[in-house]
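Peer 1: My structure is below; once you've seen it, I'll send some questions.
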Ligand SMILES: Nc1ncnc2c1ncn2[C@@H]1O[C@H](COP(=O)(O)OP(=O)(O)O)[C@@H](O)[C@H]1O
Ligand SMILES: [Mg+2]
């Protein structure tokens, strides 16, 4: 498989805390890569650098030949990298469909009042994203009325409405019950596979990693300390110990 994203020698520090310590990692086209590691090991920082929310002190991230580190998050989105958030970023007083329309419009750098975004092309993208995740039935519900699990799905649908080539998800099922988590992950991973979207997800539940990841990268103190296939990684006792501190 060909590389789709390459992080080279990334360094991020917050005061005295080194959150990325010379991180090198390649994401391959069409793979599902899981990022695991204890709390505070730098997983979210990596996602933030790749999506433009944090500028590294050193190093670079390449998406194809394009260097991302100086780009604004919206510019990175337009290149084809989307992100779902640990806490869904929805407009609570608007309907699910309106939230999706905004996301579809944002792909073209178009941020205007809701009245201006109900164009047929956006509507088609929004409905397609809802359909991929089986959310057609809640299109007209207000985001505030949704269950936490459904809010997560809508947040991911918003990322899909951007028609990305690469999607980052930071703990997509944190805060939902384990029963609901399985349902969400089945829906999401099925949709991503059908849409052919390369996926990087931060995950603390090793059962999810085992089920869905093609490859795993292990973070410890701002470093990638191991990577490989889930079977080998999750059976290594030293690695298990390193990630055991996870909530
Ligand atoms: N905005 C920030 N300001 C200060 N410190 C931060 C900030 N973001 C992260 N950190 C610190 O950087 C380290 C890595 O954090 P993070 O990437 O969120 O870890 P993880 O997602 O693996 O739990 C932690 O020590 C955390 O406290
Ligand atoms: Mg985190």
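Peer 1: Need one number: nm distance between label points at residue 179 and residue 211, each 7 Å from Cα along Cα→Cβ, rounded to one decimal.
Peer 2: 1.4
Peer 1: I would also like to ask the following. If we sort 54-61, 67-74 on the protection proxy, mean other Cβ atoms within 10 Å, highest first, what's the order? Walk me through the numbers before you get to the answer.
Peer 2: Details: 54-61: 17.4, 67-74: 14.8.
Going from most to least packed, we get 54-61, 67-74.
Peer 1: Moving on to the next point. Going by alpha carbons, how many degrees (0 to 90, nearest 10) lie between the helix axis of 178-195 and the longest principal axis of the chain?
Peer 2: Helix 178-195 and the main axis of the chain meet at about 80 degrees.
Peer 1: Based on DSSP H runs of at least 4 residues, each adding -39500 (n - 2.57), what is the mean residue ellipticity at 222 nm of the chain after dividing by all its residues, to the nearest 500 deg cm²/dmol?
Peer 2: Details: 9 runs with 90 residues, N = 247.
The helix contribution divided over the chain gives -10500 deg cm²/dmol.
Peer 1: Within the stretch 39-63, what residues put their amide N at less than 14 Å from the label point 7 Å along the Cα-to-Cβ vector of residue 13?
Peer 2: Once the point is set 7 Å along Cα→Cβ of residue 13, 56-59 turn out to lie under 14 Å by backbone N, inside the stretch 39-63.
Peer 1: Any idea what angle helix 96-106 forms with the longest principal axis of the chain, computed on alpha-carbon atoms, 0 to 90 degrees, nearest 10?
Peer 2: Relative to the chain, helix 96-106 is tipped by roughly 70 degrees.
Peer 1: On to the next question. How tilted is helix 148-160 with respect to the longest principal axis of the chain? Cα atoms for both, answer in degrees (0 to 90, nearest 10).
Peer 2: With rounding to tens, the tilt is 90 degrees.
Peer 1: If I take R0 = 22 Å and measure r between the Cβ atoms of residue 93 and residue 147 in this structure, what FRET efficiency does the formula 1/(1 + (r/R0)^6) give, to the nearest 0.05? Write down the numbers at each step before the final one.
Peer 2: Values: r = 17 Å, r/R0 = 0.78.
Between residue 93 and residue 147 the formula returns 0.80.
Peer 1: Just check the stretch 1-79 against the gyration tensor rule for me: Cα atoms, a ≥ b ≥ c as the square roots of the eigenvalues, rounded for a/c under 1.5, and otherwise prolate or oblate depending on whether a/b exceeds b/c.
Peer 2: Details: a/c = 1.78, a/b = 1.26, b/c = 1.41.
Cα axes put the stretch 1-79 in the oblate bin.
Peer 1: Order 93-99, 223-229 from most to least packed using the mean count of other Cβ atoms within 10 Å.
Peer 2: Details: 93-99: 19.3, 223-229: 16.3.
Going from most to least packed, we get 93-99, 223-229.
Peer 1: While we're looking at this one, here's another question. With the cut-off at 1.5 for a/c, could you classify the chain from its C-alpha gyration tensor as rounded, prolate or oblate? Let's see the in-between values first.
Peer 2: Details: a/c = 1.88, a/b = 1.41, b/c = 1.33.
Since a/c reaches 1.5 and a/b is larger than b/c, the shape of the chain is classed as prolate.
Peer 1: How large is log10 of I(q)/I(0) for the stretch 125-247 at q = 0.12, 0.17 Å⁻¹ when the intensity is taken from the Debye formula with one equal scatterer per alpha-carbon?
Peer 2: Log-scaled intensity ratios, in q order: -0.49, -0.90.
Peer 1: Could you check the spin-label model distance between residue 72 and residue 128? Points 7 Å from the Cα along Cα→Cβ, value in nm.
Peer 2: Result: 2.6 nm between the two label points.
Bear in mind these aren't lab numbers, they're just calculated from the coordinates by the rules spelled out. Not measured: the values here are computed from a predicted model. Positions of Cβ are generated from backbone atoms using ideal geometry, with glycine treated the same way; all protein chains shown enter the neighbour counts.
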